[in-house]
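Structure first, then comments.
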Amino acid sequence: MSAYILSAQHLNKSYIQRSGRFGFTTKQVKALDDVSIQLRAGATLAVVGESGSGKSTLARCLLQLQPLNSGAVQFQGRDLAVLSAAELRQQRRHLQMIFQDPFASLNPRMKIGAIVGEGLLIHKLGNALEQRQKVVQMLKRVCLSEADMEKYPHEFSGGQRQRIGIARALVLEPKVVVCDEPVSALDVSIQAQILLLLKELQQEMALSYLFISHDLRVVRHIADEVVVMHQGKVVEQGLVADIYANPTQAYTRNLINAIPGRQRAANPS
Amino acid sequence: MKRALSNPLALSGFIIIASIFVLALAAPIIAPFDPEAIDVKAILLSPSMQHLMGTDGLGRDVFSRMLFGARISLLVGIVAVGIATAIGIVLGAISGYYRGWVDVVIMRFVDVMLSIPTFFLILAVIAFLTPSIWNIMIVIGLTSWMGVTRMVRAEFLSLRGREFVLAAETLGAKDARLIFKHLLPNSLTPIIVSSVLGVASAVLVESGLSFLGLGVQAPQASWGNILTDGKEYIQFAWWLSLFPGLAILITVLGYNLLGEGLRDALDPRT
């Protein structure tokens with residue numbers, strides 16, 4: 001148990017959807033159906049699945065950004081779902097998130113320095129000078145410069161913005177980082193750079209990643225273990241190498257066969 | 001701001017409003033006569049070099065009265081809209097951020113207020129209070145906040161799920177930081193536009209009230225009560241009705257141009 005830094009047991013989350021002609025009848029849509037996952041300290045666990053399979057809901061529920069219907073989220077031995085609002089805010093420092101859309105994830109009215117430094121300010125880590133130094137250091141680590149602190153998000157490209165998002169999450173020196181499709185909105189050439197950066201940072205800062213993606217090529221690149229989700233349920237989990245070599249579920253085989261350039265190799269015709 | 005002023009609509013509106021402001025502020029310097037000084041030897045004179053807009057039934061210089069009346073109109077417009085916007089931001093923010101039953105209560109209250117014809121409500125309230133410029137500003141403000149409330153609520157609802165707001169929440173931001181640092185600054189553009197448009201309608205309401213005798217009281221000048229004075233003499237002293245009417249028209253037009261122009265210039269989707 002102690003080997004896992006973040007684990008979730010029997011998570012359930014459903015949305016009420018109005019249906020019928022006047023919306024009088026309602027339908028429950030299960031976004032998470034008895035989902036349990038375990039993230040080993042220092043490892044990368046990938047969650048894969050098609051759109052609507054509940055991956056992003058899982059990420060948001062793990063971070064308590066959306067309330068769960070039931071289930072427990074253990075982080076370093078504490079159940080996040082039962083913490084008070086103030087205790088949860090304290091814990092957030094160790095649990096960060098990198099978002100999918102680099103154009104929506106930065107406040108357009110804040111300067112980069114303020115965006116990256118906001119977490120330090122919230123958790124009152126160090127005085128103003130130390131905070132500034134940390135922000136500069138972090139920006140340099142993600143290949144941005146000190147001068148960028150005075151700029152606004154719209155002055156940057158997608159890849160640069162994603163680096164800013166990474167800097168914002170990592171400046172707090174978290175233990176677990178949830179990456180919600182961090183490269184799916186980027187060009188393929190930029191994707192590789194960002195993945196490499198994430199890998200390097202994982203080594204340097206002893207991070208554990210929960211990596212959400214629909215792209216199995218990306219997952220193979222970065223993850224140690226993988227969880228396959230389909231319609232809110234976990235259908236298969238295991239080591240990346242095992243699952244890729246020997247998928248037991250038809251759904252997983254479909255996903256693997258859907259990797260571009262792989263179809264022909266699998267069925268030579 | 002630079003983008004806003006390069007928009008021809010916004011620029012022309014801005015020039016109109018700015019010139020009226022300058023005239024109103026400089027009224028004591030520019031005005032050739034005391035606006036309340038009665039001169040029985042100069043009753044109902046038509047416009048001339050001495051009296052640019054003529055004189056009224058008591059021999060007061062209309063141009064001077066117009067200048068001082070501009071102060072009333074601008075002040076009423078701005079203070080009333082200031083009150084309405086403040087109420088709208090507070091209620092809209094609470095409604096859109098906390099949702100749940102608070103939202104339901106506030107929105108139903110908005111619906112109730114919207115179902116009452118505002119002008120008659122104002123008339124009724126002013127009839128009970130003493131008609132003074134302060135009462136008018138407060139009453140106009142208290143009856144025109146519903147639009148802002150709905151707009152701020154809608155902005156908050158749509159921004160609340162955006163990734164940068166979730167990111168701030170993940171960092172551990174408290175409600176106050178989320179509201180004042182992330183949600184409110186990103187809702188300001190529509191608030192500014194609707195406030196500017198709101199000033200135009202507040203100016204109209206004040207003129208209407210003064211015209212009906214429930215607004216600014218004589219001898220203090222306001223565009224509305226100059227019009228009222230003029231209506232008795234309209235057959236032979238056209239200047240008493242024309243100039244205040246034009247002034248109201250130009251001011252309202254100016255605010256509308258500025259508001260529409262700002263909307264076009266600040267909307268990132270266009």
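Nothing in this text is a laboratory measurement; each read-out follows from the coordinates by a stated rule. Since we're looking at a predicted model, the values are computed, not measured. Reconstructed Cβ throughout: ideal geometry from the backbone, glycine too, with neighbour counts over all protein chains shown.
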Problem - Beta bridges by DSSP in the range A:153-269, antiparallel share as percent, to the nearest 5 - result: 55 percent
Problem - Scattering curve values for chain B, log₁₀ I(q)/I(0), Debye with Cα scatterers, q = 0.10, 0.11, 0.14 Å⁻¹ - result: -0.60, -0.70, -0.99
Problem - Long-range HN-HN contacts of A:Val235 with modeled amide H, under 5 Å - result: A:Val228, A:Met229, A:His230
Exercise for the section: Treating each Cα of the protein assembly as shown as an identical point scatterer and ignoring solvent, apply the Debye formula and state log10 I(q)/I(0) at q = 0.08, 0.09, 0.10 Å⁻¹. Expected result: -0.69, -0.79, -0.89
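Please report the antiparallel percentage of the DSSP beta bridges confined to the protein assembly as shown, to the nearest 5. Working shown, then result.
Numbers: 27 of 45 bridges.
Percentage antiparallel, nearest 5: 60.
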Exercise for the section: Starting from the Cα gyration tensor of the range B:73-125, take the square roots of the eigenvalues, sort them a ≥ b ≥ c, and report rounded, prolate or oblate (rounded when a/c is under 1.5, otherwise prolate if a/b is larger than b/c, else oblate). Expected result: oblate
Problem - Compactness relative to 2.2 N^0.38 Å, alpha carbon Rg of the range A:12-105 - result: 1.26
Problem - DSSP bridge orientation in chain A - percent antiparallel, rounded to nearest 5 - result: 60 percent
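Counting only complete DSSP H runs, which helices of chain B cover 18 Å or more along their long axis at the Cα atoms and score a mean Kyte-Doolittle of -0.5 or above?
B:8-25, B:62-98, B:100-115, B:146-160, B:188-211, B:239-266
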Practice task
Name the most mobile residue of A:Leu88, A:Leu68, A:Leu198, meaning the one with the largest mean-square fluctuation, in a Gaussian network model of chain A with Cα contacts below 10 Å.
Solution key: A:Leu88
Exercise for the section: Scan chain B and report its longest stretch carrying no trypsin sites (Lys or Arg not before Pro) that are both in a DSSP loop and have at most 16 other Cβ atoms within 10 Å. Expected result: B:1-98
Exercise for the section: Above 13 angstrom, tally the Cα pairs of the range B:8-60 and express them as a % of all pairs, no decimals. Expected result: 67 percent
Practice task
Take chain B, connect every pair of alpha-carbon atoms lying under 10 Å apart with a spring to form a Gaussian network, then pick out the residue of B:Thr170, B:Thr189, B:Thr251 with the largest mean-square fluctuation.
Solution key: B:Thr170
Problem - Reciprocal of mean inverse Cα separation for the range A:1-58 (Kirkwood radius, Å) - result: 13.5 Å
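Kindly provide the helix-only [θ] at 222 nm of the protein assembly as shown, computed as the sum of -39,500 (n - 2.57) over DSSP H runs of four or more divided by all residues, to the nearest 500 deg cm²/dmol?
After summing the helix terms and dividing by the residues of the protein assembly as shown, the value is -16500 deg cm²/dmol.
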Handout entry: Gap separating the Cα centres of the range A:153-190 and the range B:1-73, nearest whole Å
Key = 58 Å
Handout entry: Extension gain (nm, one decimal) between B:Lys174 and B:Leu75, 0.36 nm per residue minus Cα-Cα
Key = 31.9 nm
Fill in the blank from the handout: Gyration tensor on Cα atoms of the range B:1-140, a ≥ b ≥ c root eigenvalues, a/c under 1.5 rounded, else prolate if a/b beats b/c, else oblate, says oblate
Practice task
Could you sort out which of A:Lys175/A:Lys233; A:Lys27/A:Lys233; A:Lys27/B:Lys174; A:Lys151/B:Lys174; A:Lys30/A:Lys111; A:Lys134/B:Lys181 sit more than 30 Å apart by Cα distance in this structure?
Solution key: A:Lys27/B:Lys174; A:Lys30/A:Lys111
Practice task
Sticking with the crude label model, points 7 Å out along Cα→Cβ, report the distance from A:Ser157 to B:Leu114 in nm, one decimal please.
Solution key: 4.6 nm
Problem - Cα coordinate range in the range A:145-269, projected on the principal axes (Å, largest first) - result: 55, 32, 27
Practice task
Excluding residues on the same chain fewer than 8 positions from A:Lys140, give the aspartates and glutamates whose Cα lies under 12 Å from its Cα.
Solution key: A:Asp148
Practice task
Between B:Ala127, B:Ala26, B:Ala93, find the one with the highest GNM mean-square fluctuation for chain B; connect C-alpha pairs within less than 10 Å.
Solution key: B:Ala127
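Does the range A:91-187 come out rounded, prolate or oblate, given a ≥ b ≥ c as the square roots of the eigenvalues of its C-alpha gyration tensor, rounded meaning a/c under 1.5 and, failing that, prolate meaning a/b above b/c?
Verdict is oblate for the range A:91-187.
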